[in-house]
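Asker: Can you read through this structure? Questions will come right after.
Each reported figure results from applying straightforward, stated rules to the coordinates on display, with no laboratory input. These numbers were taken from a predicted model, which means no experiment stands behind them. Please note: Cβ atoms are built from the backbone with ideal geometry, for glycine as well, and neighbour counts cover all protein chains shown.
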């Protein structure tokens, strides 16, 4: 049994159940999707999640009847008569090519559909699906159209697979970075500031700084030079680059200043091009690597905003490399290997990676021969590195093909972060060149790359991957010191000062609370180490250590503890 066919069949059974329970309903569409199915309805009265068990029960009653899925081809004229009370179906019929359409019938329900479906409802295990949620959805995804009610369901080949999926969903809810971000005091959103614009709290800002410091160190070692650019630029710059023509619907409206139109920057690339062009470049200078933690702004529809993983203002781990054509393969190889190394440092080994080669999209700039050359360069790199990859047909940027690396978190969910893009086209549009060995101008090749991607998105992924329990080196607060009573506060501060001097991030719990409540608080905040100090510890100049993973691990000398956590931090465990 093909899972997609099972899911598609269930979408029809869902619609049949709705017809039985809510006879005045107007029907939209109901496709199979990854992990399940959905159907869109125009209901005469609203329904709520409380109604889902009733609908699911009706679906199971229909399944038990062993109804056949019957296909029939009829003329469009017949179809319009058949669906005369269904305006959405009539609209679809008129849009379909040809003079005939196919319909499917199960029991008393008839739907416009090309299939395929199962032969009979008895092929569906009654305990292999579950209705999950209700959402609003514009007809055909266009805001000018009516808002329909979308019911989502999940479906699997058997109960075991369904239970496994539901357990993952439960874990995903527990790891939701939006919930944990608030609970751990990392970030927040505020309606008065605007949707999709995160505010970083002190602990969250510390986490951002840890990642930024890591990037500065890593990229400095790889020969990058750091630059900074403004948040707005003349609209003409974005017209030259092509961003205005290709991404206009995802950009903010221009701002007019002194009769000149400016745009909130959606990308950093044109700024870096201008810095490159600030002086004559020689082949001896290449490759030139310019990096920036540049904040960009893109208009995302409110329906797709999702915590940190889909925002309207975000900071990219952005860099551009200019090289000669004979250096291209080497530079792409270095970039890809460096990307693997960096992701591993954050806990994502090669087993956690899905790699794609994204090719020329329908809407693009530049000659197809240039695209082929750039695509081959990326392909050669992936083959040389002997990594498995898939082709993402048409998934490239408008100016060039790319290697996309999706990281899989601890629940196996993929997240797009790393991208490496080869660009022959923007250098041509901006006339970017260098002086070659023969003293002549030659066009530079430009590589766009983001190894971690957007810092906000990457942190959202990290939160969910670790369920907020970051490894020691990433934890905003690494150690919490708890004095048993007020008289032990002085010693607690001495311990804190000694450890803090070694560069560790420490807090002292001075609140007038019980010891057990203070320990519970550190557990809720997922702090890696708790040091408890009382009379015994002060007298012996020791500390009692509690580990987030192992619980109480006993007493130790302060210097021994420092040596232990230094080694742990260095190995990024």
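Asker: I need the per residue convex hull volume for region 3-172, using only the alpha carbons, in cubic angstrom as a whole number.
Answerer: 116 Å³
Asker: Need the C-alpha centroid separation for region 397-463 versus region 66-112, integer Å.
Answerer: Taking the Cα centre of region 66-112 as reference, the centre of region 397-463 is 47 Å away.
Asker: If you stretched the chain out fully between residue 2 and residue 393, how much longer would it get, using 0.36 nm times the residue separation minus the C-alpha to C-alpha distance?
Answerer: Length difference between fully extended and current span is 138.4 nm.
Asker: Another question, if that's okay. For region 390-447, just the Cα atoms, rotate onto the principal axes and tell me the three extents in Å, largest first.
Answerer: If we take the Cα atoms of region 390-447, the spans are 55, 21, 18 Å.
Asker: If you count, for each residue, the other Cβ atoms within 10 Å and average over each peptide, how do 140-146, 16-22 line up from highest to lowest?
Answerer: 16-22, 140-146
Asker: Moving on. Would you list the P(r) distribution for region 472-570, with all Cα-Cα distances sorted into 10 Å bins from 0 and each bin expressed as a whole %?
Answerer: Spelled out per bin, shortest first, that is 16, 56, 27, 1.
Asker: By average Cβ neighbour count within 10 Å, what is the ranking of 27-40, 334-347 from highest down?
Answerer: Descending packing order for the listed peptides: 27-40, 334-347.
Asker: Now for a separate question. Above 13 angstrom, tally the Cα pairs of region 418-479 and express them as a % of all pairs, no decimals.
Answerer: 73 percent
Asker: Over region 304-359, consider all pairs of different Cα atoms and compute the Kirkwood hydrodynamic radius from their mean reciprocal separation; express it in Å, one decimal.
Answerer: 14.2 Å
Asker: Could you work out the mean projected area of the convex hull around the alpha carbons of the chain, in square nanometres to one decimal?
Answerer: 34.1 nm²
Asker: Given that compact globular proteins tend to follow 2.2 N^0.38 Å, what is the ratio of the alpha-carbon Rg of region 312-400 to that value?
Answerer: Compared with the compact-globule rule of thumb, region 312-400 sits at 1.18.
Asker: Got a sec? Which residues in region 430-466 would a label at residue 279 touch, if it sits 7 Å along Cα→Cβ and we count backbone N under 18 Å?
Answerer: Label zone hits: 433-436.
Asker: Further question: Let me have the relative contact order for the chain, percent, based on Cα pairs under 8 Å that are six or more residues apart.
Answerer: Across the chain, relative contact order equals 10 percent.
Asker: Would you calculate a helix-derived [θ] at 222 nm for the chain, using -39,500 (n - 2.57) for each DSSP H run of n ≥ 4 and dividing by the full residue count, to the nearest 500?
Answerer: One gets -11000 deg cm²/dmol as the mean residue ellipticity at 222 nm.
Asker: Now a separate question. If you take the Cα atoms of region 236-365, find Rg, then find the Kirkwood Rh from the mean of 1/r over all pairs, what is Rg/Rh?
Answerer: With Rg and the Kirkwood Rh in hand, the quotient comes to 1.00.
Asker: Moving on. Pulled fully out, how much extra length does the chain show between residue 167 and residue 299, if you take 0.36 nm times their separation in residues and subtract their Cα-Cα distance?
Answerer: 44.1 nm
Asker: Take the alpha carbon atoms of region 12-39, find their center, do the same for region 262-335, and report the distance between the two centers in whole angstrom.
Answerer: The distance from the Cα centre of region 12-39 to that of region 262-335 comes to 45 Å.
Asker: What base-10 log of the normalised intensity I(q)/I(0) is obtained for region 116-205 from the Debye formula, alpha carbons as equal point scatterers, at q = 0.11, 0.19, 0.22, 0.24 Å⁻¹?
Answerer: Taken in order of the listed q values, log10 I(q)/I(0) reads -0.60, -1.02, -1.06, -1.09.
Asker: By average Cβ neighbour count within 10 Å, what is the ranking of 281-290, 4-13, 430-439 from highest down?
Answerer: Peptide ranking by packing, descending: 4-13, 281-290, 430-439.
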